[in-house]
Amino acid sequence: MSKNIINIAIIGFGNIGSYFYKMIESNKKLINLKTNKSILVKYICAKSLGKKRSIRIPQSKWFKDPIKLVKKTDVDVVVELIGGSGGIAKKIVFEALKNKKHVITANKSLIAKYGNELGHIAEKNKVNLEFEASVAAGIPIIRSIKEGININKINKICGILNGTTNYILSEMENTGKSFSAVLEKAKKYGFAEANPLSDLNGSDAESKIKILSSIAFNTVISSNKILKEGIQGIKLIDIYQAKKLGYKIKLLAISEVKENKLIERVHPCLVLDKSYIANINGVLNAIIVDATPIGRTVYQGEGAGPGPTSSALLSDLCSVAKGIVQYPFGTPNELQKKIDRFDISKTVYSSYLRIEVKDKSGVLSVITKVFSKNRISIKNLVQLPDKNKKLASIAVITHKNIEKNFKNLLKDLLKNKFVVEKPTFIRVEKL
C-alpha cells in the first residue's frame with residue numbers, strides 16, 4: 001500500500017467498535033510515527049444509526065448498506081465487528097476480500113469455520129486478512145506464533161482461552177457460591193453475555209484452539225468434531241474435593257500432534273494447585289506453548305473487553321498500514337497440509353471422578369470392583385458421608401489410563417444400583 005492516507009470502514013459499532021474508533025482518533029500521531037501512514041475512519045456502518053452513543057460521529061461518516069460499503073473504491077480496509085459465523089458478517093468479509101479490501105476482524109467463529117476459504121481469497125487478491133483479536137484479545141498470541149517463534153517446531157498449545165468460565169470457576173472457589181449464583185454475578189458485571197452458552201459449553205474456546213492449531217502446525221483449519229465439554233456440570237463439591245486432593249479446576253483448550261495426527265480438545269481439567277495455570281484467576285487468559293528449540297513460552301493477559309480487543313485491532317491495522325501483505329495463517333494456503341484426527345479414545349491421562357452413592361455398608365467395595373473390572377487403578381480416594389441424606393460422596397483420582405476405559409467405567413457406574421446420579425468425570429492435565 002503506497003498511498004499516505006489509509007481509509008477504513010468500521011462495520012459494527014457497539015462497545016468494541018466505538019472504543020476502537022476512539023483509540024484511532026486519540027492515537028493518530030503515534031500510528032503515523034509507527035507506520036508513516038495517516039489513518040482516516042472514512043465510514044461507519046451499524047445496525048442502528050439513530051442509537052444514542054457516548055461519542056459524536058459526523059453524519060458524513062455513517063453508511064447504511066454494509067454490502068455496498070465494502071465495494072466502494074475509497075475504502076482500503078474493512079474492520080468487521082459484528083460477530084457470528086454466518087449472516088451479514090460472513091457476507092461482508094467474503095465480499096470485502098473479493099473486492100480486494102484488506103480485512104481486520106475479531107470474529108473467531110467466522111475464522112474457525114471459513115478461515116481456509118477466506119485465507120485463499122486473501123492470498124489470491126494480495127490483501128491482508130488479520131484476526132489477532134479473535135483469540136485472547138489483548139494477548140498477541142497469533143502474531144507471536146506466526147512471526148515470533150515461526151521457525152520453532154511447536155509440540156503443544158494449552159491454555160485458558162475463555163475469561164467467562166475462568167471467572168466463574170475462580171469465584172466459586174473464592175466465595176463458596178454455587179455455579180448459578182456466580183453466573184448471575186458474571187452477567188451483572190459484564191463478564192458473561194445474557195446468553196453465555198457458547199462460553200459455558202466450550203464452543204468459544206473450541207473456535208480459538210482451532211485457529212491456533214492451524215497456525216501452529218501449518219495445517220488447514222480442522223473440520224473434525226473435537227472433544228468438547230463445558231463447565232455446567234461443575235459443582236462446589238468438585239472444587240472442594242479437588243482442593244483437598246491438591247488440584248484446581250480450569251477449562252482448558254489443548255492442541256497437540258501425536259503420531260502425525262492432531263488432537264484438539266476443550267474440557268475442564270484438574271491441574272496441580274501449585275502450577276502456573278492453576279493460579280490464573282478471574283477473567284484473565286493464559287496460553288502455554290511448548291516448542292523446539294525455544295522450550296516453553298507463556299502468554300498472559302486480558303482475554304476480552306473493549307480495551308484489550310481494540311489493542312489487538314490496532315496492532316492489525318498498523319500491520320496493514322505498513323504495506324506488507326502476509327499469509328493469513330503464516331503459511332501459503334497451498335502449502336497448508338491436511339492432518340488426520342487422532343483417535344481420542346486412545347488418549348492417555350489420569351482422571352478425577354465424583355460418585356454419589358447410597359451410604360450403606362459394602363458400597364465402597366462394590367464401587368472399587370467396578371474400577372478393577374475396567375482395569376483402572378485408584379491413586380487417591382476421599383469419602384464424605386452425608387448421614388442426614390443417607391448418601392456418600394466418593395472422590396477418586398485414578399492412575400493413567402485410556403479414554404475408552406474411562407468411558408466404559410462411567411457406563412458401568414451408571415448401571416450400578418448404589419450410584420444415585422451421573423458421576424462427575426474430569427481429566428487431569430499435567431502441565
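So here's what we get for this one:
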| read-out | value |
| --- | --- |
| Pairs with Cβ under 7 Å, 6+ apart, first in the range 161-180 and assigned by TED's automatic domain parsing to the domain that holds Leu270, second acidic (Asp, Glu) and surrounded by 16 or more Cβ atoms within 10 Å (Cβ to Cβ) | Asn162/Asp199; Asn162/Asp204; Thr164/Asp199; Thr165/Asp199; Lys177/Glu171 |
| Single unsatisfied condition, Glu229 versus (1) farther than 19 Å from Leu431 by Cα; (2) out of contact with any Pro (no Cβ under 8 Å at 6 or more places or on another chain) | (2) |
| Where a residue in the range 87-105 is modelled with pLDDT under 95 and its partner, wherever it lies, is crowded, with 24+ Cβ neighbours inside 10 Å and assigned to a strand (DSSP E or B), with Cβ under 8 Å and at least six apart | none |
| Conditions (1) touching a helix residue (DSSP H, G or I) at 6+ places or on another chain (Cβ under 9 Å); (2) more than 30 Å from Lys22 (Cα to Cα); (3) of a type outside the set (Gly, Ala, Ser); number of the one not met by Cys318 | (2) |
| Thr297, sole failed condition from (1) at negative phi; (2) not in a strand (DSSP E or B) | (2) |
| Members of the range 148-160 found to be more than 16 Å from the chain's Cα centre (by Cα) and either touching a residue at least 60 places away in the same chain (Cβ under 8 Å) or under 28 Å from Leu200 (Cβ atoms) (or both), listed by number | Ile149, Asn150, Asn152, Lys153, Ile154, Asn155 |
| Condition check for Lys51: modelled with pLDDT under 95, basic (Lys, Arg), in the same structural domain as Ile324 (by TED's automatic domain parsing) and more than 30 Å from the chain's Cα centre (by Cα) | yes |
| Residues within the range 227-248 that are under 15 Å from Cys269 (Cβ atoms), assigned to a loop (DSSP other than H, G, I, E, B) and either over 22 Å from the mean Cα position of the chain (by Cα) or not acidic (Asp, Glu) (or both), tallied | 6 |
| Per-region count, the range 388-431, residues part of a helix (DSSP H, G or I) and either under 27 Å from Ile263 (Cα atoms) or of a type outside the set (A, V, I, L, M) (or both) | 11 |
| Condition met for Glu356 (under 17 Å from Asp238 (Cβ atoms), outside the structural domain of Lys244 (by TED's automatic domain parsing) and surrounded by fewer than 16 Cβ atoms within 10 Å (Cβ to Cβ)) | no |
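The values are calculated or read from the model by the stated rules, or taken from the named source; none is laboratory data. Worth saying up front: this structure is predicted, and the values here are computed from it rather than measured. Cβ atoms come from the backbone with ideal geometry, glycine included; neighbour counts cover every protein chain shown.
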